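My questions will all concern the structure given below.
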Amino acid sequence: MTSRSVNPDGAHPSVDPAPARLTVGIVSAGRVGSALGAALERAGHVVFGVAAISDASVHRATTRLPEARILPIEEIARRSELLVLAVPDAELAGLVRGLASAGVVRPGTIVVHTSGANGVAVLEPLTSQGALGLAIHPAMTFTGHDEDIARLANACFGVTAADEVGYAIAQALVIEMGGEPVRVEEDQRTLYHAALAHGSNHLVTVIVDAVAALRESLAGPGLLGQPVVDDQPGGLPERLLAPLASAALDNALRRGQSALTGPVARGDTDAVAAHLTALEQLDERLAAAYRANSLRTAELAKSDPALLELLAKEGH
């Protein structure tokens, strides 16, 4: 990556194009931090220390980063050239204030946080002391399993910096980890994060709800040799839904709104009304979610006015 240097007269920092190997400290060894640490090590950087408190974090630290030591946060911050703050969004501001108050982050340290919702303003207590603050958010879900590290190679990273020097360094770090850097302006971080949450977290909710309804619809005796439907993941309902959901996602990403199909897109009011009745008998909350999603789908598809009216009602 590019290395950062400060001009002797204290002017703006310059970017040294020569490759540099950084001493990296990570707070903490959660799902994201341990995966990024492993990716940085593969790029040639040295992860010397991680903060890990829970048993799960300690296990991830010892398996993914076996050469790193588990150390107190203050020691990690004091020794790092690149300090990665991979903590939950709600904990980030307090951690930054604590580090600034302790005065343990040296001027010139590159401080990276992985929060999707925050830009670099949250790092101001440290940047005002001479640190270079970067927001580098991997747009990927992390499970804590081995596939996390492999998925980073195909992930985009939302990056925000205070200036072009910062963007250049953030870009280099992401490319070294195998990802694709994407510039997100400071005042757009909340919208960026909301869009990702809507498209990923809510997708999980829709799939889980759909599987629950399928389990109910498939309960009872099956065909000869057909497995019994139970509540364990990876069963018949999931196998039934998987090709359809995968194709729908692929079509949406490649074809946009034209990928809309099904009774709502066709304006089949009778079919949708029957769906709502069946779902309400199973779970009123699931029916309400179906209604809300169907209304948005009907709006996008400019569907039949009668269907829009049905879906806009609180009940039917």
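Tally time: how many residues in the range 249-268 are surrounded by 15 or more Cβ atoms within 10 Å (Cβ to Cβ) and of a type in the set (A, V, I, L, M)?
4
Name every residue in the range 92-114 that is buried (at least 17 other Cβ atoms within 10 Å of the Cβ), without any contact (Cβ under 8 Å) to a residue 40 or more places away in the chain and assigned to a loop (DSSP other than H, G, I, E, B), in order of residue number.
Selection gives Val104, Val105, Thr109.
I would also like to ask the following. Is it true that Thr297 is open to solvent by less than 40 Å² (accessible area, probe 1.4 Å), at pLDDT 95 or above and of a type in the set (Ser, Thr, Tyr)?
In short, yes.
Further question: Within the range 239-259, can one find any residue that is out of contact with any strand residue (DSSP E or B) (no Cβ under 6 Å at 6 or more places or on another chain), over 29 Å from Ser303 (Cα atoms) and of a type outside the set (A, V, I, L, M)?
So far as the range 239-259 goes, yes, one or more of its residues are out of contact with any strand residue (DSSP E or B) (no Cβ under 6 Å at 6 or more places or on another chain), over 29 Å from Ser303 (Cα atoms) and of a type outside the set (A, V, I, L, M).
Mind listing whichever residues of the range 116-138 are crowded, with 24+ Cβ neighbours inside 10 Å and either among the acidic types (Asp, Glu) or touching a Cys at 6+ places or on another chain (Cβ under 8 Å) (or both)?
Within the range 116-138, none qualify.
For the range 16-48, name all the residues that are open to solvent by 30 Å² or more (accessible area, probe 1.4 Å), assigned to a strand (DSSP E or B) and modelled with pLDDT of 95 or more.
Result: Thr23, Val46.
Show the residue pairs meeting these rules: Cβ distance below 9 Å; 6+ apart or different chains; first residue within the range 67-91 and open to solvent by 80 Å² or more (accessible area, probe 1.4 Å); second residue among the polar types (S, T, N, Q) and part of a strand (DSSP E or B).
The qualifying pairs are Arg79/Thr23.
Could you please find all residues in the range 282-291 being over 19 Å from Glu309 (Cα atoms) and either open to solvent by less than 60 Å² (accessible area, probe 1.4 Å) or in contact with a strand residue (DSSP E or B) (Cβ under 6 Å, 6 or more places away or on another chain) (or both)?
Asp283, Leu286
Give the residue that is farthest from Gly94 (Cα to Cα), with candidates limited to residues of the range 115-130 that are free of Cβ contacts under 8 Å to residues at least 40 places away in the same chain and in a loop (DSSP other than H, G, I, E, B).
Going through the qualifying residues, I end up with Gly130.
Give me the pairs, please: first residue somewhere in the range 194-215 and farther than 15 Å from Ala245 by Cα, second residue anywhere and part of a helix (DSSP H, G or I) and open to solvent by less than 80 Å² (accessible area, probe 1.4 Å), beta-carbon distance under 6 Å, and either six or more positions apart or on two chains.
Note: pairs meeting the criteria are Arg215/Pro237.
Another question, if that's okay. Could you please give the count of residues in the range 49-66 that are assigned to a helix (DSSP H, G or I) and open to solvent by less than 60 Å² (accessible area, probe 1.4 Å)?
So the count comes out to 6.
Among all residue pairs at least 6 apart or on different chains, which show Cβ distances below 6 Å where the first residue, located in the range 253-281, is over 15 Å from Leu311 (Cβ atoms) and the second is among the polar types (S, T, N, Q)?
Ala259/Asn251
The values are calculated or read from the model by the stated rules, or taken from the named source; none is laboratory data. These numbers were taken from a predicted model, which means no experiment stands behind them. Cβ atoms come from the backbone with ideal geometry, glycine included; neighbour counts cover every protein chain shown. SASA here: full protein model, heavy atoms, side chains in, ligands and nucleic acids out. Shrake-Rupley method; radii C 1.70, N 1.55, O 1.52, S 1.80 Å.
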